[in-house]
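Data block below; observations after.
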Amino acid sequence: ERRCVLLLMVLLAVVLLLVEASTASVPDPPHVERGDGDGQLLAVVGKPTIPRLNCADFDPKKIKLITFDVFAALMDLDTSLHQNIRDLVPYLTTTQLDTFVDMWETAYGDAFGVYFNVSVSGKEPFLWVIRNGLDKIILKLQLENRLPINGSVYNKLMAMAWSHLQPWPGTLDALLKLQQRGYTLAPLSNGDARSLREAVSVFGGVQMNKYTFSSDWPVECFKPLPEIYAQALNVVSSPYEYIHIAGAAIDSQGAREFGVFNILLHDTPFPNVPQPCHRLANITLLPQIFG
């Protein structure tokens, strides 16, 4: 009888240990770099540490890395989409073209602040978002016969519409000036890595592919979530060496809530949120900040 009691006590202790182990909190995984085979950093894994820098501490002499939003800070996305879609789908009426662009931009904008499930969206969530948006546009405009899904024109739209973009006036000159002053320049955007590299290749003479910070796996989210901005901190020694250039208020908000230095171009910041360290009317004024 005594042996049975002891055996039951041992079994109870084992059960309690197993329950405790199963309910214990799992530590956050460490930050891990993931290369794509050519030495370019694509993402950082793990819960990001919030640096919470004050704009008063911004010193351009300490900055080493400047990242740029592609679709708003560097490029005129709306004009580019109109031109690219018009070239590939020339039979659209003006009203249809405007609807096409509005719906595609809305589909993209609706994904801001979303964490994606890789089992659903795959390892390039941006492509998943714009593909779903394109499918809905085709149905809305009743283009199934003239623009079949997965047809040649459809595939060209997927491959080119969001990567062959028109820069804002003066962008190349501004980037060249910053590069000549020794800053490392890189895209940091919701796009997929391939599209981002192709988009910034338009800036002849500017090296912007040393780092490509995208929404690709394992980041799997869109701005203004912190994981997007956390990627850049993995390639500098200190958060004080990094600044992000946003082209939209939501991007500016995300960078400041994450706690890194930022500058907002073109747009008006949201009220009652952390404000950008600087706000400039256009990118041609940017080199003055780093003079």
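Numbers at a glance
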quantity	calculated
For residue 262, residues with placed amide H under 5 Å, excluding near neighbours	244, 277, 278
Length gained when the stretch residue 284-residue 173 is fully extended (0.36 nm per residue, less Cα-Cα span)	39.2 nm
Residue-normalised accessible area of segment 125-206, expressed per residue, 1.4 Å probe, Å²	45 Å²
Percent accessible area from carbon and sulfur atoms, segment 198-291, protein chains only, probe 1.4 Å	51 percent
Percent accessible area from carbon and sulfur atoms, segment 48-109, protein chains only, probe 1.4 Å	49 percent
Contour excess over end-to-end distance, with Cα ends at residue 236 and residue 123 and 0.36 nm allotted per residue	38.1 nm
Residue 87 versus residue 142: modelled label distance in nm, points set 7 Å from Cα along the beta carbon direction	3.0 nm
Karplus-derived 3J(HN,Hα), 6.51/-1.76/1.60, for each residue of segment 251-258, Hz, glycine and proline x	5, 4, 4, x, 5, 6, 5, 5
Whole-Hz ³J(HN,Hα) from phi, Karplus 6.51 cos²θ - 1.76 cosθ + 1.60, for segment 233-239, glycine and proline x	5, 6, 10, 10, 6, 8, x
Restricting segment 147-226 to trypsin sites (Lys or Arg not before Pro) in coil, as DSSP defines it, with at most 15 other Cβ within 10 Å	181, 210
Cβ-derived FRET efficiency at R0 41 Å, residue 102 paired with residue 61, nearest 0.05	0.40
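The values are calculated or read from the model by the stated rules, or taken from the named source; none is laboratory data. Remember, it's a predicted structure, so these values are computed and weren't measured experimentally. Positions of Cβ are backbone-derived with ideal geometry, glycine not excepted, and every protein chain shown enters the neighbour counts. For the accessible areas, the whole protein counts, side chains as well, though only heavy atoms, and no ligand, DNA or RNA atoms are used. Shrake-Rupley method; radii C 1.70, N 1.55, O 1.52, S 1.80 Å.
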